[in-house]
Amino acid sequence: MTPGRERIVRFGVGEGLAGILSVPRQPRPGAPHVVLVNAGIVHRVGPNRLYVDMARRLSALGFTVLRFDLSGLGDSDSPASGASLIGSAIEDVRRALDYLGRSRQATRFVLGGLCAGADYSLIAAFEDSRIVGAILIDPSVERTRRSRIIHHLRRLRHLATWWQVMRLAHPIWSKSLRRVRSLIVMRAAEAHSERHVDGYLAAWSKPQVEQALQAVIDRGLSLMVVFTGGVNQQYNYREQLFDLMPDVNFGGQLQLDFMPDADHSISDGAGRAALLESLGKWVDVRFTLTAPARKSM
Amino acid sequence: MTLLFFGDAGRQLFGAYHPPAGQVAVRGAAVLCAPWGPEYFVSHRTFRRLAIRLSEVGYHVLRFDYYGTGDSAGERDEGDLASWQADAALAVEELKDISQESRIALFGVRLGAVVAWRLAREREDVRSVVMWDPVFSGSGYLKELAATQSEVDRWSLSPPRRGSGRVSEELLGTPLSPAMRNSIQSVTPDEFRGTTAARVSIFFSDEQQGTELHHALRAAGTPFHTETMFGQTPWREDTLLHGQVPSAVIERMVEVVP
């Protein structure tokens, strides 16, 4: 597989956003364009160069891929003053899609990212019908009762936990203290009255996320969701996503990869190769117009 | 700022060129040499800030990615300090071509400081070399990273089984090829017993770090300027998480170059 040619692009207000466009040598007919969104504040190459590897693999498979820096990150200009973090990010994603629409006549897009990049991708997909696919690596999720039990059992088996407890450095102490305080001021019930999703989706309540997710799935959005061992305190068994969202009907549009041996940025060579292989299969299944339909995972 | 690719088509390197601010006299051209692996990702913001400040005081500046790193061509496990030095030399030539400047300053952080130092010893056009917490014991540096990795693994609930063959050799998320390992291990304080005509400035984040390096430079009769600025470590991951840029060191670096 030969990766595509890489070009530097500038776009957005005053061409303030910077990115690298991977242009395939043999474009896949009808393929959507792929846009990778920053993971946290790591610039467009991605943590441990994850996005470079993803972009080069996808371009070798015939996809045009843009990995760019959101405002204030990497080589892009600072965001407009007053803009919220999420608002600015979603607006920048829209600018990236508009840019690809103008410059390359792109009409359909796949967004992807790790961590915050996954959350931004999902929020953008909720709001923009041009997005037909999303690659979400370690998106924000809640724990379930089962994942809490698994987590605590692992902690109990972990010698370092006991060392932390004895040194009064374990979070159990600070959590207990907070709980006592909240009981004293009678805020415990109030604090648990509405459950929200953690991370960058924090502004969304769980029912809101479920409704929005169902709506985009019904619209035809294809999802590749990856959970790594890097977030095993939060997500630690394969089916957790379905336990979290029992009312969402993914309808065969979800590929769920559970990689408990991989770290958060899937940095190990074997894990990285497995991810890229799985990504290649996913785009083959979802975005090949001429090939016969294949069974998804 | 102009982003560019340079070098041979099969070995394309990525660079970011910052022209000097229009209202100040041009003082020369500066090439910034990045550190290795995890330190590269963490210090990216700092390098951009340093480039901006140098351009504001009259420098043409080029920061770049070595082959196999960042936006440059190549895989993560390709490259060693010798190839990095060749890439840095190419960056110097590229910047000289862009700027038509012959007065070169080199800036390097950690292993990037070793690259800058080696280049400063080789090239007569290098007028100034500024090193920030240079690695002067490669084996000690690897041990330091391995200790950090062990600490990460110790607290992880599912640490990778290192040495089992399941995990290729890597440190803190970056593959460590035998060639890179060997080239890092080849770095010793003796490295700094050589001489250079360039003006040498060294910054440390801990005063304990500099002793051996100072001895080596003095033994070689190389004049140098050194300062310790505590806690200014832009390559540490906790710095990345907080998005901090060590402004104090950057400002001092800008002040010490001619």
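Quick one: A:Lys281, B:Lys143, fewest Cβ neighbours within 10 Å first, how do they rank?
Exposure proxy ranking, most exposed first: B:Lys143, A:Lys281.
For the pair B:Asp8 and B:Ala248, how long in nm is the line joining their label points, each one 7 Å along Cα→Cβ?
4.6 nm
Would you mind telling me the antiparallel percentage of the DSSP bridges in the protein assembly as shown, rounded to 5? Provide the component values of the computation, followed by the final result.
Values: 23 of 75 bridges.
Here the antiparallel bridges make up roughly 30 percent for the protein assembly as shown.
Work out the mean other chain Cβ neighbour count within 10 Å for the residues of B:72-83 and drop it here as an integer.
The mean count of partner-chain Cβ atoms within 10 Å per residue comes to 2.
Among A:Met1, A:Met245, which comes first, second and so on when ranked by fewest other beta-carbon atoms within 10 Å? Intermediate results must be reported in sequence, preceding the final value.
Numbers: A:Met1 10, A:Met245 17.
Lowest to highest Cβ neighbour count: A:Met1, A:Met245.
Where a ≥ b ≥ c are the square roots of the eigenvalues of the C-alpha gyration tensor, would you call segment A:20-101 rounded, which needs a/c under 1.5, or, failing that, prolate if a/b is larger than b/c, or oblate? Walk me through the numbers on the way to the answer.
Working: a/c = 2.96, a/b = 1.66, b/c = 1.78.
Oblate.
Counting only DSSP beta bridges with both residues in chain B, what percent are antiparallel, rounded to the nearest 5?
Here the share of antiparallel DSSP bridges comes out near 30 percent.
If you rank A:Cys115, B:Cys33 by fewest surrounding Cβ atoms within 10 Å, what's the result?
Ordered from fewest to most neighbouring Cβ atoms within 10 Å, A:Cys115, B:Cys33 come out as A:Cys115, B:Cys33.
Please give the Cα centre distance for segment A:1-22 versus segment A:233-270, rounded to the nearest Å.
Using only Cα atoms, the two centres lie 30 Å from each other.
List the aspartates and glutamates whose alpha-carbon lies under 19 Å from that of A:Lys206, not counting same-chain residues fewer than 8 positions away?
A:Asp119, A:Glu127, A:Asp138, A:Glu142, A:Glu190, A:Glu194, A:Asp198, A:Asp218, A:Glu239, A:Asp243, A:Asp247
Count the DSSP beta bridges whose two residues both fall in chain A, then state the antiparallel fraction as a percent rounded to the nearest 5.
For chain A, the DSSP antiparallel bridge percentage is about 30.
List the residues, sorted by chain then number, that are 5 or more residues from B:Gln12 or on another chain and whose placed amide H is less than 5 Å from its amide H.
B:Ala73
In a shell of Cβ-Cβ distance under 9 Å around A:Ala18, excluding A:Ala18 itself, what net charge do Lys and Arg (+1) and Asp and Glu (-1) give? Could the numbers behind the result be given before it?
Details: positive: A:Arg10, A:Arg44; negative: A:Glu15, A:Asp69, A:Asp75, A:Asp77.
Spelling it out: positives minus negatives among the neighbours equals -2.
Output the relative contact order of chain B, whole-number percent, from Cα pairs under 8 angstrom with separation of 6+ residues.
20 percent
Whole percent per 20 Å bin, from 0 to the bin with the longest distance: what is P(r) over all C-alpha pairs of the protein assembly as shown?
20, 51, 26, 2
Please state the relative contact order of segment A:7-53 as a whole percent: Cα pairs under 8 Å, 6+ residues apart?
It comes to 21 percent, rounded to a whole number.
What is the distance, in nm, between label points placed 7 Å from the Cα along the Cα-to-Cβ direction at B:His214 and at A:Arg238?
For B:His214 paired with A:Arg238, the spin-label model returns 6.0 nm.
Every number in this text was worked out from the coordinates using simple rules, so none of it is lab data. These numbers come from a predicted model, not from an experiment. A quick note on method: Cβ atoms are made from the backbone with ideal geometry, for glycine too, and the neighbour counts reach across all protein chains shown.
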